[in-house]
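Below: one structure, written as structure tokens.
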Amino acid sequence: MKKIELSTKDARKMYGKDKVMDELLLANFTKEELTEHKLPESWEEYCEMNAMLYDIANVRLISPKKYSSSFIFKQQAERKLYLLMKEYNNGWVADWEDNYNVKYTIKRCGKKVATDWCCSIYHFPSFPTKELCDKFLNNFRDLIEIYFEL
């Protein structure tokens with residue numbers, strides 16, 4: 001008997017190309033490990049990836065200039081950011097009672113938004129890594145600025 005070592009990254013590359021190989025891979029990896037979690041880069045892409053949620057979640061943003069109050073506009077952006085954050089976090093939920101684990105957040109600083117870290121003070125949105133937080137900010141800056149009323 002011979003033993004073969006295979007990284008998850010290499011297994012992902014092989015998965016889906018041959019039925020026999022898929023069976024071998026699934027005997028050693030979970031389907032979640034073999035299928036990379038693709039992150040949406042826009043609200044439209046999120047809706048395409050989650051077609052069943054499209055009708056429920058596709059809240060159209062209405063220009064806040066049409067209304068004296070931007071509350072509804074901000075609320076719509078918050079709903080979208082919440083769904084997108086859940087997708088990016090892929091099951092991770094910040095434990096705000098744990099003062100020792102760092103969470104990465106997006107904050108308003110004057111007339112700009114920036115990423116930051118904190119341990120125990122609740123912030124929305126929040127992420128487990130700085131890289132994920134930065135990517136989220138880059139991809140959804142428009143919604144984030146609406147949420148923070150910029």
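Helices in the chain that qualify as membrane-span-like (whole DSSP H runs, Cα extent of at least 20 Å along the helix axis, mean Kyte-Doolittle hydropathy of -1.0 or higher) are 71-89. With the helix formula -39500 (n - 2.57) applied to DSSP H stretches of n ≥ 4, the chain reaches a computed 222 nm mean residue ellipticity of -13500 deg cm²/dmol.
Exposed loop sites are taken as chymotrypsin sites (Phe, Trp or Tyr not before Pro) in a DSSP loop (any state but H, G, I, E or B) with at most 12 other beta carbon atoms within 10 Å; the longest stretch of the chain without one runs 1-66. Extension gain, Asn99 to Asp18: 0.36 nm times the residue separation minus the Cα-Cα distance gives 24.4 nm. The ranking of Ile4, Ile144, Ile72, Ile106 by Cβ neighbour count inside 10 Å, starting from the fewest, reads Ile4, Ile72, Ile144, Ile106.
If you rank Cys47, Cys109, Cys133, Cys119 by fewest surrounding Cβ atoms within 10 Å, what's the result?
Cys109, Cys119, Cys47, Cys133
Based only on Cα atoms, what Rg/Rh ratio does the chain have, Rh being taken as Kirkwood's radius?
1.09
Dipole check for the chain: with +1 at the C-beta of Lys and Arg, -1 at the C-beta of Asp and Glu, and the Cα centre as origin, the magnitude is about 440 Debye.
Candidates Leu83, Ser120, Leu150 compared by Cα position along the dipole of the chain: farthest toward the positive end lies Leu150, with charges placed on Cβ. So for the chain, averaging the separation of alpha carbon pairs under 8 Å that are six or more residues apart and normalising by length, what relative contact order in percent results? This gives 19 percent for the chain. Counting neighbouring beta carbons within 10 Å and listing from fewest to most, the residues Leu34, Leu150 come out as Leu150, Leu34. In a DSSP loop and with at most 16 other Cβ atoms within 10 Å, the GluC sites (Glu not before Pro) in the range 109-150 are Glu149.
Every read-out reported here was derived from the displayed coordinates using simple, explicitly stated rules and does not represent laboratory data. Bear in mind that the values here come from a model prediction, so they are computed numbers and not experimental data. Here the Cβ is made from the backbone with ideal geometry for all residues, glycine too, and neighbour counts use every protein chain on show.
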